[in-house]
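What follows is a set of notes on a single structure, which appears directly below.
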Amino acid sequence: MTEMPIPDEILLPIEPLCILHTLMGAGFEVALVGGAVRDVLRGETQITDFDCTTNATPEQITALFPESFYENNFGTVSITPEELAKQLGLNEQIVQTPTATTDRVIDVARATKLHPSLLDAIAKEEIKEHHLPPYEITTYRADGLYSDNRRPESVTWGNSLEEDLARRDFTINALALTFQADFLARVCTDTSTRVIRLKSQDYKLIDPWQGLADLEEQRIRTVGDPNKRFAEDALRLLRAVRFSVQLNFAIEDETLQAITRASELLQNISQERIREELFKIFLSPYAKEGIELLAATGLLSHILPEILAMNGVLQGGHHTTDVWTHSLDALAECPSRDPVVKLAVLLHDIGKPQTFDISTGSPTFYNHEVVGARTAKAIAQRLKLSKKDIDRMFILVRYHMFHYQPEMSDAAVRRFMRKVGLANIDDILDVREGDRLGSGARKTSWRLEEFKQRMIAELHQPFAITDLAIDGSDLMRELDLQPGPKIGHLLQTLFEVVLENPEKNEKTVLLGLARELLPSLPIVPQTK
């Protein structure tokens, strides 16, 4: 087993080093552990999630960090960067999201005027400040029995760093860095330097499970017996796949075989925890390979069993692969960084196996988008997505087959935009791009680009009843109407008129139309 040499130099922000300095100054043992250590040794510099482990109890930790909080049974005390900065006299650091791309149809970051229905999208796409995640300080732990494949029945405080590392999932996450007290005192005295450059003599690597060698060999391997590790917490089955595609590491043979044997244990894990890992797989550089690995190990049958039916379903026309391969290729090509959109791309043809028909001599899939939207919605509900994202999933699958013809009227363009929802237009275009590239077609076409321009031209037109220049109160006051269903019916009729002719969205015009329409409206019985 080849061991990677310890780097001659690593970079660490001053904040976690000052946490260690505070704990060591109070006489406690403490070390940096987990994924941050792994990524530092790999040369990563954009690391924001730092964990520490110590022999101090949670009560002793909170005494040293008065603004920290302890809300669990696992010995983990958290402190926000904001509060840590105040305690240490540091300037708070802010992380900004990347600037929005310039090829968005609904570019909320640069829009000079926004439709009310786009307000939710602002939070997703505009440039805004995001604070760093909290620092976590955990007391050495020794876990009890895991009878439910999810959590230990008991947690006791451990006696040593090595004992704490022995309970971790994978060797590359069972690494720790320790530091001499005088070194920490020196670097934490001058807080003007926010990133500390450390030489190999400035720190000590604790590696009882040969994680450094596995980093060198780019290998995912459990700490100790993989059967025991996966039986303790079955979510580790998914985490192994996730780390594999995030880091582009291979899963070691014994570990891989154990995942396949233990795949049924995933049934004991909550859908929320499964969804979190699945979405991280989607956002990795190798999402397609992640789904293939989930299928090969049997895990997929416990996560997304519906998509296994796509395997081997032949397609005709411009498609050169079966539905399974096309869907995975589309996932790989999808440009979105939204995991819900990625899931929609994977599921966009989920209805094809049920609608497959070859009676005409070539495969057809009539209404597969209708059938698929219902299935996708059920999957989204099972994964415990929010109602908003469940609705979005339904829309993206239901309307992914949208067509555009140059002779479409402006009203038809607006009807499409209303049907999909302004906030979902960019998402459905990302689904279309993944679908096209996953079929071997070009990224876009002149029709699609023209459709985008036509939608941009219609962005400020009315898209909902609330966009009308009048409301129910105006109708009741001007037409001497009583509250009731007739008001809603009248507003809906007026909206249909305005959708076809936006220039009629003026108060006096609409009131005149309402007077003309009133006698012809059907009588709506009053409910008692």
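If you check ALA441, ALA423 for being surrounded by fewer than 14 Cβ atoms within 10 Å (Cβ to Cβ) and either in the same structural domain as LYS342 (by TED's automatic domain parsing) or hydroxyl-bearing (Ser, Thr, Tyr) (or both), only one passes: ALA441.
With of a type in the set (Val, Ile, Thr), modelled with pLDDT of 95 or more and surrounded by fewer than 19 Cβ atoms within 10 Å (Cβ to Cβ) as the only criterion, which of THR222, THR260, THR193 stands out? Only one candidate qualifies: THR260. Selection of first residues in the stretch 257-269 that are free of Cβ contacts under 8 Å to residues at least 12 places away in the same chain and of second residues that are among the small types (Gly, Ala, Ser), restricted to Cβ pairs under 9 Å at least 6 apart or on distinct chains, gives an empty result.
Mind checking which residues of the stretch 429-488 are within 28 Å of ASP410 (Cα to Cα), among the small types (Gly, Ala, Ser) and under 32 Å from the mean Cα position of the chain (by Cα)? GLY434, ALA441, SER445, ALA457, ALA464 - these are the residues of the stretch 429-488 that are within 28 Å of ASP410 (Cα to Cα), among the small types (Gly, Ala, Ser) and under 32 Å from the mean Cα position of the chain (by Cα).
Residue count for the stretch 352-394, restricted to those that are among the hydrophobic types (A, V, I, L, M, F, W, C) and not in a helix (DSSP H, G or I): 5. For the stretch 316-357, filtered to residues that are surrounded by fewer than 22 Cβ atoms within 10 Å (Cβ to Cβ) and either in the same structural domain as ILE281 (by TED's automatic domain parsing) or aliphatic (A, V, I, L, M) (or both), the residue that is nearest to LEU437 (Cα to Cα) is ALA332.
Within the stretch 244-258, being acidic (Asp, Glu) and either in the same structural domain as PHE170 (by TED's automatic domain parsing) or assigned to a helix (DSSP H, G or I) (or both) holds for ASP253, GLU254. When we screen ASP410, ASP391 for residues that are under 18 Å from LEU422 (Cβ atoms), out of contact with any helix residue (DSSP H, G or I) (no Cβ under 7 Å at 6 or more places or on another chain) and either buried (at least 22 other Cβ atoms within 10 Å of the Cβ) or touching a residue at least 24 places away in the same chain (Cβ under 8 Å) (or both), the only hit is ASP410.
Among the residues making up the stretch 516-528, a single one is loosely packed, with under 12 Cβ neighbours inside 10 Å and modelled with pLDDT of 85 or more: GLU516.
Residues that are farther than 23 Å from LEU165 by Cβ and not in a helix (DSSP H, G or I) within the stretch 69-82 comprise PHE69, GLU71, THR80, listed in sequence order. The residues of the stretch 225-236 that are within 9 Å of ALA258 (Cα to Cα), of a type outside the set (Phe, Trp, Tyr) and buried (at least 24 other Cβ atoms within 10 Å of the Cβ) amount to a single one, PRO226. Against the numbered list (1) part of a helix (DSSP H, G or I); (2) at pLDDT 95 or above, GLN201 comes up short only at (2). Close contacts from the stretch 33-48, counting a first residue that is within 18 Å of SER244 (Cβ to Cβ) and a second that is assigned to a loop (DSSP other than H, G, I, E, B) and of a type in the set (Lys, Arg), with Cβ to Cβ under 8 Å and a gap of 6+ residues or different chains, come to GLY34/ARG168.
So that you can scan it fast, the table gives a plain yes or no per residue for (1) over 22 Å from LEU88 (Cα atoms); (2) out of contact with any strand residue (DSSP E or B) (no Cβ under 9 Å at 6 or more places or on another chain); (3) of a type in the set (A, V, I, L, M, F, W, C):
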site	(1), (2), (3)
ASP164	yes, no, no
ARG168	yes, no, no
ALA174	yes, no, yes
LEU177	no, no, yes
ALA181	no, yes, yes
ALA185	no, yes, yes
ASP225	yes, yes, no
ARG229	yes, no, no
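Looking at the stretch 432-528, the helices (runs of 4 or more DSSP H) lying wholly inside it that each contain 3 or more residues that are closer than 30 Å to HIS348 by Cβ sit at 446-457. Condition (residue is farther than 25 Å from LEU165 by Cα and either at pLDDT below 95 or not hydrophobic (A, V, I, L, M, F, W, C) (or both)) applied to the stretch 272-279: is it met by at least one residue? There is at least one residue in the stretch 272-279 that is farther than 25 Å from LEU165 by Cα and either at pLDDT below 95 or not hydrophobic (A, V, I, L, M, F, W, C) (or both).
Of all residues in the stretch 55-68 being assigned to a loop (DSSP other than H, G, I, E, B) and hydroxyl-bearing (Ser, Thr, Tyr), which is surrounded by the fewest Cβ atoms within 10 Å (Cβ to Cβ)? Walk me through how you get there before you give the answer.
Step one: filter the stretch 55-68 for residues assigned to a loop (DSSP other than H, G, I, E, B), giving 55-57, 65-68.
Filter once more, keeping what is hydroxyl-bearing (Ser, Thr, Tyr): 57, 68.
On the way: THR57: 15, SER68: 21.
Looking at the filtered set, the residue picked out is THR57.
Checking every residue in the stretch 451-467 against the condition of being modelled with pLDDT of 90 or more and of a type in the set (Gly, Ala, Ser) gives zero matches. A single entry from ASP207, ASP214, ASP202, ASP190 fulfils the requirement of being farther than 17 Å from MET24 by Cα and without any contact (Cβ under 8 Å) to a residue 24 or more places away in the chain: ASP190. Please determine, by comparing only the residues of the stretch 315-330 that are modelled with pLDDT of 90 or more and of a type outside the set (S, T, N, Q), which one is farthest from ALA380 (Cα to Cα). Per the stated criteria, the residue is ASP322. Applying the set (1) more than 20 Å from the chain's Cα centre (by Cα); (2) aromatic (Phe, Trp, Tyr); (3) outside any loop (DSSP other than H, G, I, E, B) to TYR404 leaves exactly one unmet item: (3).
The values are calculated or read from the model by the stated rules, or taken from the named source; none is laboratory data. Not measured: the values here are computed from a predicted model. Quick reminder, even Gly has a Cβ in these numbers, built from the backbone with ideal geometry, and neighbours come from all protein chains shown.
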